[in-house]
Every structure is written in structure tokens, then in C-alpha cells.
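Structure record follows, encoded as C-alpha cells.
The values are calculated or read from the model by the stated rules, or taken from the named source; none is laboratory data. All figures in this text were calculated on a predicted structure; none of them were measured in a lab. As a convention, Cβ positions derive from the backbone with ideal geometry for all residues, glycine included, and neighbour counts pool all protein chains shown.
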């Protein structure tokens, strides 16, 4: 089993053990672009589709991601 925890925030949080997505651009119908940090071997921009609005209610400024097996 694989568990993913996501914390959406409007402001930076002092969390350790999480990868961070930082919003760089968003448009209601386009989606949002995020820069990544804190993921081993993965450090680039990612695009998140508009379904995020239905799941999280908005495009958060910061998304913290933690995964465990």
C-alpha cells in the first residue's frame, strides 16, 4: 500500500519531510504551474489540471506532499 498526504496552504509552513510545490502561474480554465523542491532527483516545473479546483477548492500557493510505502 502507498499513502500520499497533501497539505494545501496560502502561506509557507515550517514542515519537514515534505516535498513542496510553489505556484508560479494559474488560470481558472488552464490549470496551474508549480515549481518543485524537496523531491529527491526531481526538481522542475509541473502543471496541475483544473480538477485541482474541485479537489482542493482552489489553486493553493503552496502544496506540501509526503508519501510513504
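The residues in the stretch 47-69 that are assigned to a strand (DSSP E or B), more than 9 Å from the chain's Cα centre (by Cα) and modelled with pLDDT of 95 or more can be counted, and the count is 1. Scanning the stretch 7-41 for residues being in a strand (DSSP E or B) and without any contact (Cβ under 8 Å) to a residue 12 or more places away in the chain gives a total of 2. Here are some residues: 48, 53. Which one is surrounded by 13 or more Cβ atoms within 10 Å (Cβ to Cβ) and out of contact with any strand residue (DSSP E or B) (no Cβ under 6 Å at 6 or more places or on another chain)? It is 53. In the stretch 13-33, of all residues being more than 22 Å from residue 68 (Cα to Cα) and touching a strand residue (DSSP E or B) at 6+ places or on another chain (Cβ under 6 Å), the one that is surrounded by the most Cβ atoms within 10 Å (Cβ to Cβ) corresponds to 32. Residue-level check: of (1) part of a strand (DSSP E or B); (2) surrounded by 10 or more Cβ atoms within 10 Å (Cβ to Cβ), residue 4 misses just (2). When the test is whether a residue is within 11 Å of the chain's Cα centre (by Cα) and at pLDDT 95 or above, residue 13 does not pass it. Scanning the stretch 1-10 for residues that are out of contact with any strand residue (DSSP E or B) (no Cβ under 6 Å at 6 or more places or on another chain) and modelled with pLDDT of 95 or more returns a single hit, 10.
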